[in-house]
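Enquirer: My questions all concern the structure below.
The values are calculated or read from the model by the stated rules, or taken from the named source; none is laboratory data. Quick caveat, the model's predicted, so the values are computed rather than measured. Glycine gets a Cβ as well: all are built from the backbone with ideal geometry, and neighbour counts include every protein chain shown.
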Amino acid sequence: MGAGGGAGHAHRLYQHGSSPVHALPPHCKLVAVLCFVLVVVSTPREVMWAFGLYAVLLAAVAAVARVRFGLWLKRLLIEVPFVAFAVLLPFVAEGPRVEWLGLSLSEPGLWGAWNVLAKGTLGVAASVLLAATTELRALLLGLQRLRLPPLLVQIASFMLRYGDVIADEMRRMRIARASRGFEARGVRHWGVLAKSAGTLFIRSYERGERVHLAMLSRGYAGTMPVIDEVTATRAQWARTALLPATALAVCLAGWLLR
């Protein structure tokens, strides 16, 4: 079956489509993204042009997958904490200093900031493309196909499935507070928010117990049944290998020309 086939709810990160990238088996895309990230991390930070080519490769994949560019950039905001860390590096790192607009910046810190921003952004961008073109349920089937420990796959499955349930519970509690005229405006309201967090924990725990009992009543014995068997042809493996193989060629050229 294709990566986008099968039942199951789609996550907000997933963008429905029928592109060639969507149709690739999930375990092939997982391996391709992992290999691409490893190649990016292995690239010397001084070879700046290589990172530009990596970005072009990802943009080409996004174009083939018909992932909206604006949406792609919006989801890259998840790396803002890493960007903040990178911005601080030139100011706190030791080593030779350079002057720029009246600021004394560490030269090793500047290289470190560039290293974090370039490689981190490319890794996050590749992961965003994977999530945008592969349903979460298909990703879990791909992890099973790659023979990851079943317990880890189950934990990931439960986390993904019930993360939205807990978020919906939080939304209902927020609406209930707002309907009673509550609005958090300062420290004096922290007590109410703390009680809400405690209530959310209790409700989530109780719901988890009910789900576990329901699973046991249906024959759950510690392993989840494999409903769909995800397979891949040699042609599909070859298509998914295009991204990491091209990136590897760029990386090798970077090492030779540095």
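Enquirer: Check whether at least one residue in the stretch 110-129 is aromatic (Phe, Trp, Tyr) and modelled with pLDDT of 80 or more, and report yes or no.
Expert: Yes, the conditions are met somewhere in the stretch 110-129.
Enquirer: Could you check, for the stretch 73-86, whether at least one of its residues is surrounded by 13 or more Cβ atoms within 10 Å (Cβ to Cβ) and either β-branched (Val, Ile, Thr) or touching a Pro at 6+ places or on another chain (Cβ under 8 Å) (or both)?
Expert: Yes, some residue in the stretch 73-86 is surrounded by 13 or more Cβ atoms within 10 Å (Cβ to Cβ) and either β-branched (Val, Ile, Thr) or touching a Pro at 6+ places or on another chain (Cβ under 8 Å) (or both).
Enquirer: Do we find that residue 206 is assigned to a loop (DSSP other than H, G, I, E, B) and of a type in the set (Asp, Glu) in this structure?
Expert: Numbers: assigned to a loop (DSSP other than H, G, I, E, B): no; of a type in the set (Asp, Glu): yes.
Against the criterion (assigned to a loop (DSSP other than H, G, I, E, B) and of a type in the set (Asp, Glu)), residue 206 does not qualify.
Enquirer: Considering the stretch 1-19 alone, what residues qualify as being surrounded by 14 or more Cβ atoms within 10 Å (Cβ to Cβ), under 24 Å from residue 73 (Cβ atoms) and either over 16 Å from the mean Cα position of the chain (by Cα) or at pLDDT 80 or above (or both)?
Expert: Scanning the stretch 1-19 gives 3, 4, 15, 17, 19.
Enquirer: Just checking, how many residues over the stretch 50-86 are touching a residue at least 24 places away in the same chain (Cβ under 8 Å) and assigned to a helix (DSSP H, G or I)?
Expert: Total meeting the criteria: 21.
Enquirer: State whether one or more residues within the stretch 150-172 are outside any helix (DSSP H, G or I) and either more than 22 Å from residue 203 (Cβ to Cβ) or out of contact with any Lys or Arg (no Cβ under 8 Å at 6 or more places or on another chain) (or both).
Expert: No, there is no match, as no residue in the stretch 150-172 is outside any helix (DSSP H, G or I) and either more than 22 Å from residue 203 (Cβ to Cβ) or out of contact with any Lys or Arg (no Cβ under 8 Å at 6 or more places or on another chain) (or both).
Enquirer: Could I ask something else about it? Contact list please: Cβ distance under 7 Å, first residue in the stretch 174-188 and assigned by TED's automatic domain parsing to the domain that holds residue 200, second residue of a type in the set (A, V, I, L, M, F, W, C) and not in a loop (DSSP other than H, G, I, E, B), pairs at least six apart or on different chains.
Expert: Between residues of the stretch 174-188 that are assigned by TED's automatic domain parsing to the domain that holds residue 200 and residues that are of a type in the set (A, V, I, L, M, F, W, C) and not in a loop (DSSP other than H, G, I, E, B), the close pairs are 182/192; 184/193.
Enquirer: Take the stretch 182-201 and flag every residue that is at pLDDT 80 or above and either loosely packed, with under 10 Cβ neighbours inside 10 Å or not aliphatic (A, V, I, L, M) (or both).
Expert: Of the stretch 182-201, the ones at pLDDT 80 or above are 191, 194-201.
Within the stretch 182-201, 191, 195, 196, 198, 199, 201 qualify.
Enquirer: Report the residue count in the stretch 134-149 for those that are assigned to a helix (DSSP H, G or I) and within 12 Å of the chain's Cα centre (by Cα).
Expert: Residues of the stretch 134-149 that are assigned to a helix (DSSP H, G or I), as a first pass: 136-145.
Subsequent filtering for residues that are within 12 Å of the chain's Cα centre (by Cα) retains 136, 139.
Of the residues in that region, 2 qualify.
Enquirer: Find the residue count for the stretch 160-175, including only residues that are surrounded by fewer than 15 Cβ atoms within 10 Å (Cβ to Cβ), within 25 Å of residue 17 (Cβ to Cβ) and not acidic (Asp, Glu).
Expert: Number satisfying all stated conditions: 2.
Results for (1) surrounded by 10 or more Cβ atoms within 10 Å (Cβ to Cβ); (2) under 30 Å from residue 83 (Cα atoms), shown as yes or no for each residue.
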residue: 102; (1), (2): no, yes
residue: 106; (1), (2): yes, yes
residue: 115; (1), (2): yes, yes
residue: 132; (1), (2): yes, yes
residue: 148; (1), (2): yes, no
residue: 177; (1), (2): yes, no
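Enquirer: For the stretch 219-258, how many residues meet the condition of being at pLDDT 80 or above and of a type in the set (Lys, Arg)?
Expert: Number satisfying all stated conditions: 2.
Enquirer: Within the bounds of the stretch 201-214, is there any residue that is under 30 Å from residue 24 (Cα atoms), free of Cβ contacts under 8 Å to residues at least 40 places away in the same chain and within 26 Å of the chain's Cα centre (by Cα)?
Expert: no
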